[in-house]
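The values are calculated or read from the model by the stated rules, or taken from the named source; none is laboratory data. Note that this is a predicted model, so its numbers are computed, not measured. A quick note on method: Cβ atoms are made from the backbone with ideal geometry, for glycine too, and the neighbour counts reach across all protein chains shown.
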Amino acid sequence: MDQVKRLQNAAGPSAVPLSSGCALVAGVAVGVAEALARPVRRRGEALERAIFEATLDQLTSGGYARLTMEGVAGAARTGKAALYRRWTSKVDLVLDALRSTLPPPDDIPDLGSARSELLLLIDRFGTALESRAGGAMNALMNELDHDQAQVFKEFVVERVFDPTKAATLAILRRGELRGDVRPGAANPLVADVAPAMLMYRVKVCDGRLGEGFGVELVDEVLLPMVRR
């Protein structure tokens, strides 16, 4: 107590008492916490983007079972009503969050060789897997049982695997015309090989393909199957 009085006397008569200073700091901390917890006024795309980011963060960190509309609203610093006006369930919210952030499938351009085009296709697949949405999707699929996951599996097939298969067929057909792919190689069974191998690596390697995997897949598996 004497030490506190000596400090106050040394500071002079105009100094704020130590107890008042502590109260001031505590008051500022409470004010900051309240400000951070207070909903932020955003609308349209800005609000939707914040909600989607919060949804993917919740999926990646806590999994689908722990994800709640209330938790997403809190992380996005908005009210629950903003979510329920747009989505009736967390299933709908998760699907829209994945759709909005997963890189869209693009056609593979003619690069002059089937090898170059297949390498680009695998590279784009890997980029999608390593995106924020890809990480959330992988966590989602690893957690859910078959019945719960069905709607999300359909989304993955529609948005990822069907486009990959279609792109593979287009590459092989170009290769047949060009002459670096044997006639008849552009068939659905051959086109299934790349997505199947990619899915296998995703399931056993925590969503990562690994360095050099694309080159190995193309050179050691795909090209030997389709070369003349």
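Determine if the range 184-193 includes at least one residue that is modelled with pLDDT of 80 or more and within 30 Å of Asp96 (Cβ to Cβ). The answer is yes; a qualifying residue exists.
Taken over the range 170-206, the criterion of being of a type in the set (Val, Ile, Thr) and over 16 Å from Ala114 (Cα atoms) is satisfied by Val202, Val204. The single residue among Glu53, Glu45 that is under 30 Å from Gln150 (Cα atoms), at pLDDT below 90 and in a helix (DSSP H, G or I) turns out to be Glu45.
The set of residues from the range 169-202 being without any contact (Cβ under 8 Å) to a residue 40 or more places away in the chain and among the basic types (Lys, Arg) comprises Arg173, Arg201.
Residue-by-condition table, conditions (1) exposed (fewer than 14 other Cβ atoms within 10 Å of the Cβ); (2) under 18 Å from the mean Cα position of the chain (by Cα):
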{"residue": "Gly112", "(1), (2)": "yes, no"}
{"residue": "Leu119", "(1), (2)": "no, no"}
{"residue": "Phe125", "(1), (2)": "no, yes"}
{"residue": "Ser131", "(1), (2)": "no, yes"}
{"residue": "Leu140", "(1), (2)": "no, yes"}
{"residue": "Leu144", "(1), (2)": "no, yes"}
{"residue": "Val181", "(1), (2)": "no, no"}
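Here is the figure for the range 54-71: residues that are free of Cβ contacts under 8 Å to residues at least 24 places away in the same chain and over 15 Å from the mean Cα position of the chain (by Cα) total 4. Considering (1) within 20 Å of Val218 (Cβ to Cβ); (2) of a type in the set (D, E, K, R); (3) free of Cβ contacts under 8 Å to residues at least 24 places away in the same chain, the lone condition that Asp92 does not fulfil carries the number (1).
Flag set for Glu220, criterion: without any contact (Cβ under 8 Å) to a residue 40 or more places away in the chain, over 16 Å from Met137 (Cα atoms) and surrounded by fewer than 17 Cβ atoms within 10 Å (Cβ to Cβ).
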